[in-house]
Structure formats: C-alpha cells, structure tokens
Amino acid sequence: MEKRELLYEGKAKRLFLTDDENLVISEFKDDLTAFNGEKKSSEAGKGALNNKISTELFKLLEANGIPTHFVKMIDDNHMLHTKVDVILIEVIVRNIATGSLTRNLGIEDGKVLPFTLVEFDYKDDDLGDPKLNDQHCLILELVEHQDELDKLRRMARQVNDVLKPYFAEKGLNLVDFKLEFGKDSSGNIILVDEISPDNCRFWDIESGEKMDKDRFRQGLGGLTVAYEQVLNRILGK
Ligand code: 5GP
C-alpha cells in the first residue's frame, strides 16, 4: 500500500491518501492539545501507544459485530483504514459523571450515573464543539434522517457494552469516551477515528488514578507511563 499526498492534518493525526481510492492511512502524532487547542504539548511515543491501543480495540469491536474503519496497523505510527465521509457529530458516552457534565450541570464528580448517558457534540472547533439535540442535527443536515441519529446512539451503546466490562476485567473503570462515525462508499455507518486514552477516560478501579489525557489537561504528568499501562493491561502484560 503506497502512502500518497496529505489529505488532512488534525490535532492528533495526519491523514494520507493511498493508491486505493477506498483506503487512507492515519499517522498518529505525538502532539497533545486540550481546551480546544489552547493548551499544547508533545510526548514522545504517545502516537504509537494510541495507534496500538486503537488497533486492539477496533479488533475487539469488529469481533463483537461492530463495523469499524480499521483495516490494519502498518507500523508503530500508521494505521490503514477505510475512507469515509465523517459525520460531524462527536458521540459522547458516559458511565460516570466528570468533566463537562460536572461543570455544566453540577452533577457530583465521580457519581455513577443511573444509566449510560449518550450525548451529541457538534464537531466544530470554531464553535467550541457545542452540545446538539436531535433537531439541531437535522437542521444542520449533519445526518439525513432521524433513523441515523438513532443508529449512532445504538452503536455507541453497543461499543460501551463491549468496552465497559472488558476494561473492568482489566481493573479500569471506563468513565466516558468520545466516538466518531462516518459513511463508507456504500453509505454504511461505521465507527472511525481512534479509541485511545486521548478520547476515553480510564480510572484505575483500585486507586482511582487517572490513566488518560486528563493527566495532560490537569497537569498531572506521567502521561505516556499511564497510556503504556493501559496498553499493557489490554495485552494482558
Ligand atoms: P468532556 O465533555 O467531559 O470534556 O469529555 C467527555 C469524553 O469525551 C472524555 O473522555 C473526552 O476525552 C472525550 N472528548 C470530548 N470531546 C473531545 C474532543 O474534542 N477531543 C477528544 N480527543 N476527546 C474528546
């Protein structure tokens, strides 16, 4: 598979075309950003860890019948995947209250939610990723029909139903996470982007230690050590 020209550069990944029009390559960067790009840094090895963690989790989800864009990991920093039209909705799944849920609604940090909450944010940095309801999504034409919003919610819950017990077995609470979806060339909705400690919150069940990007957001240090621990637990090391 030949890596061709740069298609798009995001905050954490670069996307390259290939010699197959249906396939693209993501290069996972070591760059870190938070607070809508206001806080920036870089951590050597972070990109490779996220590529490896995402690879394992996409394989796990595929094995559980959830369609994803994953094709294969090429090397430490590169993943081959299906080209899609990205749906500009960030699907946020929450099991425990923290972060913006706590800030916006005053729900106690660490409260176990009575049921899994699924929210939609508009994937638009200029607007600061505002919250969306279904009518907003339809007015903005982010999807074609209500059915597609229902499908996003259903798929997000399926992902949670696989990942939450999987991580619990490895001693990690899956607190919340952000998913992105896209439409492939046949119009099927599939899971895209990455699933890593950059867009999931993991708390150690025993110690409560944060094992995710909150270490950077909150200036706690030890980010790559924590990401490596997440990978090692996934690999059963
Ligand atoms: P919150 O809304 O509390 O900031 O984030 C909820 C969850 O979604 C967290 O796991 C967080 O990492 C993830 N998340 C929300 N928005 C973004 C985003 O724009 N980028 C990334 N990488 N993760 C996000």
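Rule-based calculations on the coordinates, nothing more; no lab input. For clarity, every value in this text was computed on a predicted model and none was experimentally measured. Please note: Cβ atoms are built from the backbone with ideal geometry, for glycine as well, and neighbour counts cover all protein chains shown.
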Worksheet, complete the sentence: With +1 at each Lys and Arg Cβ and -1 at each Asp and Glu Cβ, the charge dipole magnitude of the range 3-82 around its Cα centre, to the nearest 20 debye, comes out at 220
Item to complete: Largest first and in whole Å, give the semi-axes of the chain's equivalent ellipsoid, each being the square root of 5 times a Cα gyration tensor eigenvalue.
Response: 25, 23, 18
Fill in: Fully extended contour minus Cα-Cα distance, from residue 3 to residue 15, at 0.36 nm per residue
3.3 nm
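Pop the C-beta distance of residue 39 and residue 186 into the FRET formula with R0 = 35 Å and round what comes out to the nearest 0.05. Don't skip to the end; give the middle numbers.
Details: r = 39 Å, r/R0 = 1.13.
Efficiency for this residue pair is about 0.35.
Under a Cβ-only charge scheme (Lys and Arg +1, Asp and Glu -1), can you give me the dipole magnitude of the chain about the Cα centre, in debye to the nearest 20? Walk me through the intermediate numbers first.
Values: 33 positive and 45 negative charges, 150 e Å.
Roughly 720 debye for the chain.
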Discussion item. Quick one: 3J(HN,Hα) in Hz for the range 62-77, Karplus 6.51/-1.76/1.60 with θ = phi - 60°, rounded, Gly and Pro as x.
Written reply: 4, 5, 9, x, 9, x, 10, 7, 5, 10, 6, 7, 8, 7, 3, 10
Worksheet item: So which aspartates and glutamates pass the test for residue 83, namely a Cα distance under 13 Å, with those fewer than 8 places away in the same chain ruled out?
Response: 19, 20, 21, 184, 193
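Exposure proxy check: 119, 169 ranked by fewest other beta carbons within 10 Å?
Details: 119 19, 169 9.
Going from sparsest to densest Cβ surroundings: 169, 119.
Across the range 3-82, how many lysine pairs, 8 or more apart or on two chains, come within less than 12 Å at their alpha-carbon atoms? Display every interim value, and only then the final one.
On the way: 11/29; 11/39; 11/40; 13/29; 13/46; 29/46; 52/72; 59/72.
Taking the Cα cut-off of 12 Å, the pair count is 8.
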Discussion item. Please compute the length gained on full extension between residue 108 and residue 139, using 0.36 nm multiplied by the number of residues separating them and subtracting their Cα-Cα distance.
Written reply: 7.9 nm
Fill in: Cβ-based exposure ranking for 126, 161, 184, 193, in which fewest neighbours within 10 Å come first
126, 161, 184, 193
Discussion item. Give me the net charge for the shell around residue 187: Cβ to Cβ below 14 angstrom, other residues only, Lys and Arg +1, Asp and Glu -1.
Written reply: -2
Fill in: Cβ-defined net charge surrounding residue 117, 9 Å radius [Lys, Arg +1; Asp, Glu -1]
-1
Discussion item. So for the range 85-222, averaging the separation of alpha carbon pairs under 8 Å that are six or more residues apart and normalising by length, what relative contact order in percent results?
Written reply: 24
Worksheet entry | aspartates and glutamates whose Cα lies under 15 Å from that of residue 213, excluding same-chain neighbours fewer than 8 positions away | 30, 31, 38, 43, 176, 194, 198, 204, 228
Worksheet item: Relative contact order for the chain using alpha-carbon pairs under 8 Å, separation at least 6, rounded to a whole percent?
Response: 18
